[in-house]
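Student: Sharing a structure, written as structure tokens. Questions coming.
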Amino acid sequence: MKIDSKNLGLVTKKFNEYFLVDLKHNKNYKNNRKFLCKVRKSINFKNKIIYVGDEVVIGQIDIKRKRAVIENLVTRKNLLARPSVANISNIYIICSVEEPQLNLSQVNKFLISAELLGVGVSLVLTKCDLISEKRKLFLIDKFANWGYQATTLNLYKPNNFKDLLAELKTKPCSIFMGPSGVGKTTVLNMIIPGLQNSTAKVSRKIKRGKNTTRNVELFSLSSNSYIVDTPGFNMQKLEIDVRFLPNLYSEIRRQVIDEGIKCKFRNCLHLNDKGCNLNKSFERYVFYKQMIESSKSHYYLNQED
């Protein structure tokens, strides 16, 4: 079926057989962008399930009732398995500098887990009011050497949040990821005022009781940018083909791509490989080496199957 861009919308919430769709580009519905939809039964999506974040084409639009029907599904760019959300463009790793204390090995695992998804990856440090300015600058410099420009947040300096919000508005669809207790919910509430009460109207529309547990939902930050509210989004399970692990470390990518270093063998893993020319003096090399060693046995076992 040909895609009608005029009625192209974004699935922002899903509840059983209902979908909340934000119609993005049709000027005729500028003041009535959100429609409660069901899927047209005669449409075959080749057994594909529609997820939050999917782009869809809607029809049979009823402005008065704010209802419509999903008539087509646009091919998605990517899909997170848990939570189920499609077409993510950017992942923000949220970590606290204190309470809980910053764990560099854990930060590294979160970054690699995010890099594995092939989207833009950023680092946000929360609770910076609990450390000195000297310590904060030290951490900013450290993560710059890792290849990430860390954003620092201080609850007592609202401008920090304004700058983050301005950046998020330049990204199509962002999601926060990080360990428990680091302030992900606090940051979301600062960015999306009234988050706790945002779904009550929809619950009444479909005549269902209000669920105390929030599901995955997209919130509009601007006409072209969204953020995902995901309860309990933690680290994705790391299942990495060891051959691709070097591509997930910015320090290695920088040497290979920007500086053009070449090892003797194209599939060099940069351990004790013969003819390896990688400069291994970067801080995260110890984490890289640990991940390679723990992944190699699994990889070679799979190769023998």
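Student: Need the full-extension length gain, ASN215 to ARG40, defined as separation in residues times 0.36 nm minus the C-alpha distance. One decimal, nm.
Tutor: Values: separation 175, 0.36 × 175 = 63.00 nm, distance 2.33 nm.
The ASN215-ARG40 span can extend by a further 60.7 nm.
Student: Run the quick spin-label model on LYS66 and ASN189: label points 7 Å from Cα toward the beta carbon, then report their separation in nm to one decimal.
Tutor: Placing both labels 7 Å along Cα→Cβ, they lie 2.5 nm apart.
Student: Still on this structure: If one puts a single equal scatterer on every Cα of region 242-304 and applies the Debye formula without solvent, what log₁₀ I(q)/I(0) results at q = 0.22, 0.27 Å⁻¹?
Tutor: At q = 0.22, 0.27 Å⁻¹ the computed log10 ratios are -0.94, -1.33.
Student: Using a Förster distance of 35 Å, how high is the FRET efficiency between GLN106 and ILE49, based on the Cβ-Cβ distance and rounded to 0.05?
Tutor: On the way: r = 32 Å, r/R0 = 0.91.
With R0 = 35 Å, the Cβ-Cβ based efficiency is 0.65.
Student: In nm, give the distance between the simple-model label positions of LYS162 and ASP241, each being 7 Å from the Cα along the Cα-to-Cβ direction.
Tutor: 4.8
Student: Just list whichever of LYS109/LYS134; LYS6/LYS64; LYS24/LYS171; LYS13/LYS171; LYS41/LYS66 have alpha carbons separated by over 23 Å in the model shown. Don't jump to the answer; show the numbers that get you there.
Tutor: Working: LYS109/LYS134 26 Å; LYS6/LYS64 19 Å; LYS24/LYS171 15 Å; LYS13/LYS171 19 Å; LYS41/LYS66 19 Å.
LYS109/LYS134, as the Cα separations exceed 23 Å there.
Student: Starting with the fewest neighbours, write out CYS268, CYS276 ranked by other beta-carbon atoms found within 10 Å of each beta-carbon.
Tutor: Values: CYS268 18, CYS276 15.
Ordered from fewest to most neighbouring Cβ atoms within 10 Å, CYS268, CYS276 come out as CYS276, CYS268.
Student: With a ≥ b ≥ c taken as the square roots of the eigenvalues of the C-alpha gyration tensor of region 85-229, please select rounded if a/c is under 1.5 and otherwise prolate if a/b is larger than b/c or oblate if it is not?
Tutor: prolate
Student: About the Cα centre of region 79-173, how large is the charge dipole given +1 on each Lys and Arg Cβ and -1 on each Asp and Glu Cβ? Please answer in debye to the nearest 20.
Tutor: On the way: 11 positive and 8 negative charges, 15 e Å.
About 80 debye.
Here, each number is a calculation from the coordinates, and none is a lab measurement. Everything numeric in this text was worked out from a predicted model, so none of it was measured. Backbone-built Cβ (ideal geometry, glycine too); neighbour counts: all protein chains shown.
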